[in-house]
Structures are given as structure tokens and as C-alpha cells.
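Novice: Take a look at this one; I'll ask things after.
Laboratory data are not the source of any read-out in this text; all were calculated from the coordinates shown. Please read all numbers here as calculations on a predicted model, not as lab measurements. Cβ placement follows ideal geometry from the backbone for every residue including glycine, while neighbour counts extend to all protein chains displayed.
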2 protein chains.
Amino acid sequence: MTKIHELDTPIVLVDLDRVEANLKRAQDYANAHGVKLRPHIKTHKLPQFAKRQMELGAIGITCQKIGEAEVMADAGITDIFLPYNILGAPKLKRLLALARRASIKVIADSVTTIDGYSKTFAASGVILPVLVECDTGGGRVGVQTPEQALALAKHIAGSEGLRFAGLMTYPAKGMAAQANAWLERATALLKDAGLPPETVSTGGTPDLWRSGENRAATEYRPGTYIYLDRFQVQEGVGSFEDCALTVLATVVSRPTDNRAVLDTGSKSLTSDTLGLQGFGRIVEYPDAVIASLSEEHGVVDLTNSKAKPEVSEMVRIIPNHVCPVTNLFDEVTFVRGDEVVGTAAVAARGKVA
Amino acid sequence: MTKIHELDTPIVLVDLDRVEANLKRAQDYANAHGVKLRPHIKTHKLPQFAKRQMELGAIGITCQKIGEAEVMADAGITDIFLPYNILGAPKLKRLLALARRASIKVIADSVTTIDGYSKTFAASGVILPVLVECDTGGGRVGVQTPEQALALAKHIAGSEGLRFAGLMTYPAKGMAAQANAWLERATALLKDAGLPPETVSTGGTPDLWRSGENRAATEYRPGTYIYLDRFQVQEGVGSFEDCALTVLATVVSRPTDNRAVLDTGSKSLTSDTLGLQGFGRIVEYPDAVIASLSEEHGVVDLTNSKAKPEVSEMVRIIPNHVCPVTNLFDEVTFVRGDEVVGTAAVAARGKVA
């Protein structure tokens, strides 16, 4: 059996026991609190994990881009939510092809998006379910008020080839309660107008363990919970021992007493800090700080680390933000503890469109 | 002929006329100032551009990882500098295989790295040229003093299978003069010891137009000059009209009067700021600020932009830092002005090891 320290670096290691524990813990919580999970696959981008999430009880999956949804449909997953404004002839054509072979729901936050869907689906014989995306405080995409949500819901309901299917939001961190109140107001307006939302979808791993409190929601879309990362640990979602994905790195240089350089730069770890100090946690040297990254080098400050690694030593890094790391590697290596048990191509990697 | 606005987004556009002009301008400068160019291919990761750089007069290329060098050797490029400490049995085996089919030079900044090379090459019949990497102020990899450079040079010269081949540095921005002084001191020490450096390699696009002033250097390794980017324009290396790579994006949402959202997030533009405000320059709306990115969304602040884009409109973005953008896309699309003239797979993308 190959051990991880026989591998070439940098490489992404995914601990299958931790994955399974993380998925089960979330599904158990969901079952206990009456929450329906629709996991976001952007974190792992692997059909086999999407299938496992479904086997454990997820009602479907979430993808962000059509390219991701195509990969998952190819793997036999047939209930896919695509919470993205899909615009332009090339994408609308792909969306229709996808909707002919899987159950696809999308979102819109503008008349322009809705009219594009309607023009595409009107004569197709396929009805496209469309939810209205709501900006409940996150400041990204979405209608600004429940009244605007109602107006778009009516526009969807009146558009050929479409069906109004509910509301969707990505709540800002710590704004789950505010999002819930927003969605309750919108739901009341919609009911009064004879358009009760069949789905009200919210999400986010940071608030996963409070998802049972979202009275307005009918489903929850966590993504990062499968692997966790340094940010999620800071948010209290789990511990470092729950983190299932690490990047195996080699110390390539020790130019000074308090500096080490790793072969993992922004091309392996990304430049995402998510507000954290440093660019990841070195499992074996938790007091060391990955102080700066260039593309292929990670410069580590050892000032506060009594133990100092040697040149050629391997270390494991828990990334700040695990989702974009997955997108940088063509392949992940599965491990159980120190043993390598397999590999998988990251099938939905690089699906930008 | 396909026009760029018929394409699906996000997509990377590379303007071939601008590429050619950027390459020629640098080579003309190099010829006029007696500078030998050894371009770093990390920016484009495309064999065809590496070959064009050689045709125009480059003496060889630079790669950062063995995987990149393998791709370039496969394409027939036979003079490759790999300025990286190469450690560990899997990589050393690949290095030897590569050195059997191309002229490969590497660096070292420690005895550990040198001894790994020697053990690998001693009985191979191949002599590996090794340069000493010098930290001339950049604070990354490299020996700290000219005296340490001399000590390692002696160790290389005394190691079976190796040849001491010179000095290499990646100078910090604005520290070219300091780096030059460092390298002059080290060169004098080496000459006194009977080990004159045959190559003294420095680089960096920000200081490209001052590379003729590096009296200590024998070659220069610019990378980003082929495409340029928002950071290089700020550094005065060229103008926005010289930037050859743009990301074509679609406005997917206009939730408020002063907010637009693009379909380009950190998965297309990376989170690199390089100290700049915002995450790229929108060519058509230069006063707009790409204020924040999530993976698939770019949130644009239009407060200072009189003109406001509409939903479904396409825009072109000049990234802050173009090299990691290249690494996010499987393919680039070649254009001349608004016309699409071809595509190429980014052959050396994702070569992390």
C-alpha cells in the first residue's frame, strides 16, 4: 500500500473517512431538524461524491455553471438546481438540451433573464421551473425587495414555457435570520397573489448547524461541509480534525532560520484569505504562518514556531478556502489516514461557463 | 468570420497582433542593449508562443515546474531553465529523463537539493548544470549572502554528475539595482575562487525596460511582457492598449442602480490584487470598480461610472495579474481586433508538480 509521503507534491489529498463523517453528520442534523439538503457540488466537483450525498438523503444537487451540471447529468444525477442567471444563445441552447435529459431548475433576477428562458423554452415542449433570486443582505445578485420578487414571479408565471417555482437566496454570513425574515415577507406576498412558492432555497455551510431555524426555507444548499477548511473551522462548523482535504507540500528551501518555502503557491492554494491571516494552516507546524504566496512558492514565517521543518520535508496544508483549490487540480488522491486508496479526475473542474 | 460577441462567456481572448508587438518590442530592446532574453512561459503556457519567442531571438525558455518543461520539450524546445529546487524521488527521476532529451539547467539554494541532484545524475552519464539561487532582496528562495553562494558553488563543483553553471535571482520589484550589486559581489568572489559564473540570470517584467542596466547579468527572464496586465500597466511597462489578454464576461445582473454583477469571479480572474484596488479593469467601463469576487460572480460598483451596462451585455476585463488567469482556463481564443481567428489548448496549464 502506498503511503502519502511516497507521493509527488503538490497534490490534493482527500480523506475518505472524514468525507463520510462530514456528510453523515450534516444529513443526520438535517433529518433531525426536518431540513432538506441540496448540496452544492462546487466544493468537490466529483460525481461520486454527489451520488454519495444523494444516497445519504440529499433531495438533489446544486451546480453553479451549466458545464458542472452537464458533468453531473452525464454521471446520472437527474435533479439539479442551477441558481445562476443564464444568458446568451450558447448557454440557453445548452440549458434546453440539459433540461431534456434531467430535472433542471434555474433562477432569474431580471426580466431580461426570464425573457431569454421563455424564448428558448416556449416551443420546446419542456417547461422550465424558474425561482426568483433574492438579495437578502449578501449584496451580490438578486431582487432587492419582496415586492420586486412578486413582480418577477408574476412575469415568470405569465411567460410561455416557464413555471414559477419559488425563491432562492445566498444569505451573507451571519445574516441567516435577516434572510429568513425577508423570505417570510416575500412568501406572504406571493401567497396573497396566488403564487405560493413551492421551493424556498437557502444555503451556506457557515450557518449549516442553524439551518433548522430557517422557518421560511424548504431546502438548504451547503457546499463546503463535505471537506471543511480553515475558514469554516474559524466559523465553528467543525474542527481541524474534521478537515477532509489537505494539500501535501514539500519544503523546498530554508533560506533563513525563520523562513521556510513550500512548493505550494497561489497555483495550489489560491490567494483567497477570507479575512484570515496567512494562506492556510500547516498541520505539522500550526504556529507557522504561510505569510505570502507567489504562483509556485509559499513563504512561511517560522518566528512563532519552535519546531522548524527541514528542506525536503513534507507537510500537509489545510487551505483557507477549499472550493477554489479543488478547481486548480486535475486529480485528487483519496486517502485513509496515511494510506493512499485511490485517485479521481476532478470531472467538473474548470467548467467556467 | 466569428466575432467575439458571438462567443460564450467567460472566455479568455488573446489578441495575436498585440502579442506579436509586445514580443517584438522586448526583443528589439534586448538586441539594442545586448540583453539575452530567456522568457518565462508561465504567463502563456503555450508551446506556440514559446517557439515564437525563440524565433524572435530568445536564447531559451524558463519554466517553473517539471510538468511545464515536459510540455515544452514535447513541443521540441530544447533549451530550458528550471529555476526551482527540485526535491524528492519522483521529481528527480523525471528531471533525469528530461535532461536526457533536452538541455536543462536547474538551481539550488541548499546542500540538500544539490546532493539530491548529484545522487540522481552521478551514474547517469548526463551532467546537470546547476546555478545557485540568490535572495537579492526578494525575501523568497535563495542564499542570503555572496559568501553562501560561493560555498554552494564549490559544493556543486565538487559533486559528481553536476556542473556549477552560475547565479540566478528573482529580484524584488524596484530592487534591480540592489540585485545587480549583490550579483557583482558574488561574481567577484566566484572569480577569485576560480569558479566564474558562466550564466548570471535575472528577470521580471516590471524592470524589463531597465534590464540593460544589469551589468552583472548575462540573461533576463521576463514573463508577463507577452500579455501585460493591469499591474504591469501601473508599473509603466506598457499601456492598456498593449494588454493582449482579456477575459470576455457577461453582465448577468443589475440588482441596483450602481451594482452590476459579472459572470467572472475568482474562478476566472483569481483573487490576486497585487496591491491594486479592484479585481481587474473593465475596458468598456474604466471608471467601474470590480469591488468583490466570489467564485462565479464579480460584483461591480458603478458609482463612479456614468455609463452603466445592461443585463446580457458583454464586457472585456484586463486582469490584475494575467499569469494565474491563464492557469484557470483549458483553452484560449485567439483574436485580431473583434474577429476570432483560432483557439489553443493551454498545454502547460495545471502542471503543479
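Novice: If you find the alpha carbon centre of region B:168-196 and of region B:1-78, how far apart are they in angstrom?
Specialist: Taking the Cα centre of region B:1-78 as reference, the centre of region B:168-196 is 28 Å away.
Novice: From the label point of A:Ala97, set 7 Å from Cα along Cα→Cβ, how far away are the matching label points in the other copies, in nm, ordered shortest to longest?
Specialist: Listed shortest first, these distances are 3.6 nm.
Novice: Could you put A:Leu7, B:Leu245 in order, starting from the residue whose Cβ has the fewest other Cβ atoms within 10 Å?
Specialist: Values: A:Leu7 18, B:Leu245 26.
By the 10 Å Cβ count, ascending: A:Leu7, B:Leu245.
Novice: Kindly write out, for region B:132-145 in residue order, the coupling ³J(HN,Hα) from the Karplus curve 6.51 cos²θ - 1.76 cosθ + 1.60 (θ = phi - 60°), rounded to whole Hz, with x marking Gly and Pro.
Specialist: Once rounded to whole Hz, the list reads 9, 7, 10, 8, 9, x, x, x, 10, 9, x, 5, 8, 9.
Novice: Something else now. Just how far, in whole angstrom, is region A:254-322 from region B:221-273 if you go by their alpha carbon centroids?
Specialist: Going from one Cα centre to the other spans 27 Å.
Novice: Please list, by residue number, everything in region A:83-113 whose backbone N is under 18 Å from a paramagnetic label point 7 Å out along Cα→Cβ of A:Glu160.
Specialist: Counting only backbone N, you get A:93, A:96, A:112-113.
Novice: How far is B:Gln48 from the same spot in each other copy, in nm, shortest first, if each label point sits 7 Å from Cα toward Cβ?
Specialist: 3.6
Novice: Tell me the volume per residue, in Å³, of the convex hull enclosing the alpha carbons of the protein assembly as shown.
Specialist: Convex hull of Cα atoms, per residue: 147 Å³.
Novice: With the label 7 angstrom out along Cα to Cβ, how close does B:Gln144 come to the same site in each of the other copies, in nm, nearest first?
Specialist: Label-point separations across copies, in nm and ascending: 5.7.
Novice: Can you work out ³J(HN,Hα) from phi for every residue in region B:277-292, in order, using Karplus 6.51 cos²θ - 1.76 cosθ + 1.60 and θ = phi - 60°, giving whole Hz and x for Gly and Pro?
Specialist: These are the phi-based 3J(HN,Hα) values: 7, x, 10, x, 10, 7, 4, 7, 9, x, 8, 7, 10, 6, 7, 7 Hz.
Novice: Along the axis that rotates chain A into chain B, which residue of chain A has the nearest beta-carbon, and what is the gap in whole Å?
Specialist: A:Ser271, 2
Novice: Here's something else I'd like to know. Given H placed 1.01 Å from N in the peptide plane, which residues other than close sequence neighbours of A:Arg259 have an amide H under 5 Å from its amide H?
Specialist: A:Leu302
Novice: Which whole number in µm²/s is D for chain A by Stokes-Einstein, with the Kirkwood Rh taken over Cα pairs at 4 °C and 1.567 mPa s?
Specialist: On the way: Rh = 21.4 Å.
After rounding, the answer is 61 µm²/s.
Novice: Hey, which aspartates and glutamates would be in cross-link range of A:Lys24, C-alpha to C-alpha under 14 Å, not counting anything within fewer than 8 residues on its own chain?
Specialist: Filter leaves A:Glu55, A:Asp242.
Novice: Taking H placed 1.01 Å from N in the peptide plane, check which residues at least 5 places from A:Asp229 or on another chain put their amide H under 5 Å from its amide H.
Specialist: Distant-sequence amide H within range of A:Asp229: zero hits.
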